[in-house]
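The values are calculated or read from the model by the stated rules, or taken from the named source; none is laboratory data. Please read all numbers here as calculations on a predicted model, not as lab measurements. Virtual Cβ from ideal backbone geometry, glycine too; neighbours counted across all protein chains shown. All accessible areas refer to the heavy atoms of the entire protein, side chains included, with ligands and DNA or RNA removed. Shrake-Rupley method; radii C 1.70, N 1.55, O 1.52, S 1.80 Å.
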Protein chains: 2
Amino acid sequence: MGRNLPNLNSIRAFEAVARHLSITRAAKELNVTQAAVSHQIKALETRMGVMLFRRHNKGLLLTKEGQAMVQPMTNAFDMIADATNLILNNEVQILKVSMLGSFAAGWLMPRLAGFYAEYPNIDIRILVTSKEFDFLKAGDVDLDLRYGDGKWPHVDSQKFMSEEIFPVCSPALLKGDIPLNSLDDLSQHVLLHDHKDIGWKEWLDDAGVKGIDYSRGPGFFQSHLTLQAAALGHGIALGRMPLVSESLQRGELVKPFDISLPTGMGYYMVNIDTTSDKSKIRAFTNWLKEEVRIFEE
Amino acid sequence: MGRNLPNLNSIRAFEAVARHLSITRAAKELNVTQAAVSHQIKALETRMGVMLFRRHNKGLLLTKEGQAMVQPMTNAFDMIADATNLILNNEVQILKVSMLGSFAAGWLMPRLAGFYAEYPNIDIRILVTSKEFDFLKAGDVDLDLRYGDGKWPHVDSQKFMSEEIFPVCSPALLKGDIPLNSLDDLSQHVLLHDHKDIGWKEWLDDAGVKGIDYSRGPGFFQSHLTLQAAALGHGIALGRMPLVSESLQRGELVKPFDISLPTGMGYYMVNIDTTSDKSKIRAFTNWLKEEVRIFEE
DNA sequence: CTTGGCGATAAAATTAATTAATTCTTCATA
DNA sequence: TATGAAGAATTAATTAATTTTATCGCCAAG
């Protein structure tokens, strides 16, 4: 059906300008600059070979040709919007994603509202896993956000974030009696440990700090508890980067030094349900990658 | 009216694919590659968070969601196309353009069909001028395509093509008894002259040919007659580039050498009617510039 | 087994859209 | 009249979106 459609984006711009009779206001509605809309209108007029607006003292007026276009275009766009919204509102998709609780609480959850706003038809169900994803119970999960080194045989994974570690402590500790200005001051403080492979030893080595007994201080079996202890001012913990994001954001923890060390570990997306309906998964993974991009810049 | 419209180009691609139930056929209709349409569909599905087609062994099938979208989208695009065509077919614009007859015949006319095809609502009326455009009678011309050096005081002109000169002769002459292989062979031939400032002397100087009496041979008062004489095999003329374009195209004349000399003269667009309805003028001048671009590449 | 048709994909290239920074116009007001 | 404010137009540059090219994989028909 060889229709001879004009450029649809120009038409959209035209329709908005015609409703407002103002390029500036149309630009606001379309969330672009006034210049962008002006360009679109000019291009459309050139392509049609007809002026659509009469430029006037105060504002614009539609020409006869412009007049004739407004109503059909408005109707057409309403139609498109209605059909789209029907699907976006009625067809709620459920996307089941598994991940570590620490990742959910420390990084993902606070961002998820943005996803809901952008994809009102996709409902994310978070399944919290303890350590490694249990393949045997994988039947009802679409996507796994997995922590590790990416070396899982026969698993098609895609990295989306790298882990980094750096010291964190409560802001009160910084203002306390014991100074924490130089790296050497660390020796005066309690070091809090978690039970991960890369820890204080590696960070101190990387930072070039010598003569500190990196093994002293209490250890916790969950990173979460270590961070809590740090937030309570009990000492200095090694924060892990996506995980401490929220605590830093809220000011519960601060970064006394700006030296951070990649641990070689990271977060990976693993597609579990390889059957149909890839679109909801793509929608989520694209959004996730974009959030990471923003987070890291 | 903050509608939440999806990307309109994807929607157009979707509508075409849905009608054909084939990406390849839709791509043909849209005059793009199959890959382009595939990308658009994927992007739309991702953005909607819903699969619109079920990929099948043979061809595609619409999903429930896809089904729901087709009819409204088809209607919407029909509406847009109808409104557009109404203007394009009913509102015929007349654009009056003046130019030298030699330019019209030698370059513009054969291309004009392309303009009519692209802008069915704009009717070009060509007014042939003899030498210089007569400003006193300018009232009923929108645009002047003027030949010269561009130095017209108080005239807002924009160059769109440069003139170049080079020898041309009839193809029969090349096959004749007198050879025309090297520049020196020119001395064996009749040189045909027109009455322009830059001519055989300048071209021969530029080509580094010495010892040829550049003034011998008959002269004609109109370039057109000079070229006609050359086409009849009466000798070798200096062709001027936009003007001999058609004769070269049709094979009436050929270029024995590949040395061409810019004369410093050229063709300029001069806006005469500065009042309203710039769009038809822009449509024509944009098209003209594009034709020149294609011509010169 | 091959072959051919069709869709998906990745990377690169090309186009189109957008912005930032001005400029131009047209009043309204000092 | 100046002067300034508000909105549209413009230009050049940048950024984003689209398209292509080339290739792969799948499946069905020979």
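What number of residues in the range A:74-97 are assigned to a helix (DSSP H, G or I) and under 18 Å from B:V70 (Cβ atoms)? Please lay out each step first, then the result.
Pass one, the range A:74-97, residues assigned to a helix (DSSP H, G or I): A:74-90.
Narrowing further to those that are under 18 Å from B:V70 (Cβ atoms): A:75-88, A:90.
Matching residues across the range A:74-97 total 15.
Based on what the data block shows, is B:N89 at pLDDT below 95, more than 10 Å from every other protein chain (Cβ to nearest Cβ) and within 11 Å of DNA strand D (Cβ to nearest atom)?
Numbers: at pLDDT below 95: yes; more than 10 Å from every other protein chain (Cβ to nearest Cβ): yes; within 11 Å of DNA strand D (Cβ to nearest atom): no.
The answer is no for B:N89.
When residues of the range A:63-116 are filtered for being open to solvent by less than 30 Å² (accessible area, probe 1.4 Å) and more than 22 Å from A:E291 (Cβ to Cβ), how many remain?
Qualifying residue count, the range A:63-116: 14.
Every residue, every condition in (1) within 30 Å of A:V270 (Cα to Cα); (2) open to solvent by 40 Å² or more (accessible area, probe 1.4 Å), yes or no:
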{"position": "A:I126", "(1), (2)": "yes, yes"}
{"position": "A:D142", "(1), (2)": "yes, no"}
{"position": "A:A172", "(1), (2)": "no, yes"}
{"position": "A:Q188", "(1), (2)": "no, yes"}
{"position": "A:A207", "(1), (2)": "no, no"}
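Conditions (1) touching a residue at least 60 places away in the same chain (Cβ under 8 Å); (2) hydroxyl-bearing (S, T, Y); (3) within 28 Å of A:L8 (Cα to Cα), marked per residue:
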site: B:I87; (1), (2), (3): no, no, yes
site: B:G114; (1), (2), (3): yes, no, yes
site: B:A117; (1), (2), (3): no, no, yes
site: B:D123; (1), (2), (3): no, no, yes
site: B:G148; (1), (2), (3): yes, no, no
site: B:K159; (1), (2), (3): yes, no, no
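Would you tally the residues in the range A:25-40 being more than 10 Å from DNA strand C (Cβ to nearest atom), touching a helix residue (DSSP H, G or I) at 6+ places or on another chain (Cβ under 7 Å) and more than 10 Å from chain B (Cβ to nearest Cβ)? Full working, then the answer.
Initially, the range A:25-40 is screened for residues more than 10 Å from DNA strand C (Cβ to nearest atom), giving A:25-26, A:28-29.
When the remaining residues are screened for being touching a helix residue (DSSP H, G or I) at 6+ places or on another chain (Cβ under 7 Å), the result is A:26, A:29.
Right, trim to more than 10 Å from chain B (Cβ to nearest Cβ) and you get A:26.
Here the count works out to 1.
Quick one: how many residues across the range A:29-56 are polar (S, T, N, Q) and more than 10 Å from DNA strand D (Cβ to nearest atom)?
Number satisfying all stated conditions: 1.
Could you list, in sequence order, the residues of the range A:265-275 that are open to solvent by 40 Å² or more (accessible area, probe 1.4 Å) and modelled with pLDDT of 90 or more?
Within the range A:265-275, A:M265 is the sole residue that qualifies.
Quick grid of which residues meet (1) within 14 Å of another protein chain (Cβ to nearest Cβ); (2) within 16 Å of DNA strand D (Cβ to nearest atom); (3) closer than 20 Å to B:W107 by Cβ:
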{"site": "B:G219", "(1), (2), (3)": "no, no, no"}
{"site": "B:L225", "(1), (2), (3)": "no, no, yes"}
{"site": "B:G235", "(1), (2), (3)": "no, no, no"}
{"site": "B:R240", "(1), (2), (3)": "no, no, yes"}
{"site": "B:L248", "(1), (2), (3)": "no, no, yes"}
{"site": "B:L253", "(1), (2), (3)": "no, no, yes"}
{"site": "B:F284", "(1), (2), (3)": "yes, yes, yes"}
{"site": "B:K289", "(1), (2), (3)": "yes, yes, yes"}
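Give the residue that is nearest to the other protein chains (Cβ to nearest Cβ), with candidates limited to residues of the range B:41-60 that are open to solvent by 10 Å² or more (accessible area, probe 1.4 Å) and touching a strand residue (DSSP E or B) at 6+ places or on another chain (Cβ under 8 Å).
B:R54
In this structure, is A:R282 under 27 Å from A:I94 (Cα atoms), part of a helix (DSSP H, G or I) and open to solvent by less than 70 Å² (accessible area, probe 1.4 Å)?
yes
Within the range A:209-223, is there a residue that is in contact (Cβ under 8 Å) with a residue 40 or more places away in the chain and of a type in the set (A, V, I, L, M)?
No, that holds for no residue.
Do you know which residues across the range B:145-186 are among the β-branched types (V, I, T) and either under 22 Å from B:M109 (Cα atoms) or part of a helix (DSSP H, G or I) (or both)?
Within the range B:145-186, B:I165, B:V168 meet the criteria.
Check the range B:5-24 and report whether any residue there is within 8 Å of DNA strand C (Cβ to nearest atom), open to solvent by 50 Å² or more (accessible area, probe 1.4 Å) and away from every other protein chain (no Cβ under 12 Å).
yes
Read through the list (1) within 8 Å of another protein chain (Cβ to nearest Cβ); (2) without any contact (Cβ under 8 Å) to a residue 60 or more places away in the chain, then give the number of the only condition that A:L100 fails.
(1)
In the range A:290-297, is there at least one residue being in contact with a Phe, Trp or Tyr (Cβ under 7 Å, 6 or more places away or on another chain) and either open to solvent by 80 Å² or more (accessible area, probe 1.4 Å) or more than 21 Å from A:D197 (Cα to Cα) (or both)?
So far as the range A:290-297 goes, yes, one or more of its residues are in contact with a Phe, Trp or Tyr (Cβ under 7 Å, 6 or more places away or on another chain) and either open to solvent by 80 Å² or more (accessible area, probe 1.4 Å) or more than 21 Å from A:D197 (Cα to Cα) (or both).
Does B:F14 satisfy the condition of being away from DNA strand D (no atom under 14 Å from the Cβ) and among the hydrophobic types (A, V, I, L, M, F, W, C)?
When the stated conditions are applied, B:F14 does not pass them.
Does at least one position in the range A:46-65 carry a residue that is within 16 Å of DNA strand C (Cβ to nearest atom), of a type in the set (V, I, T) and at pLDDT 95 or above?
no
Identify, from the list B:P72, B:P110, the residue that is more than 13 Å from DNA strand D (Cβ to nearest atom), under 30 Å from B:Y147 (Cβ atoms) and at pLDDT 90 or above. Give the steps one after another, and end with the answer.
Details: B:P72 fails: under 30 Å from B:Y147 (Cβ atoms).
So the residue among B:P72, B:P110 that is more than 13 Å from DNA strand D (Cβ to nearest atom), under 30 Å from B:Y147 (Cβ atoms) and at pLDDT 90 or above is B:P110.
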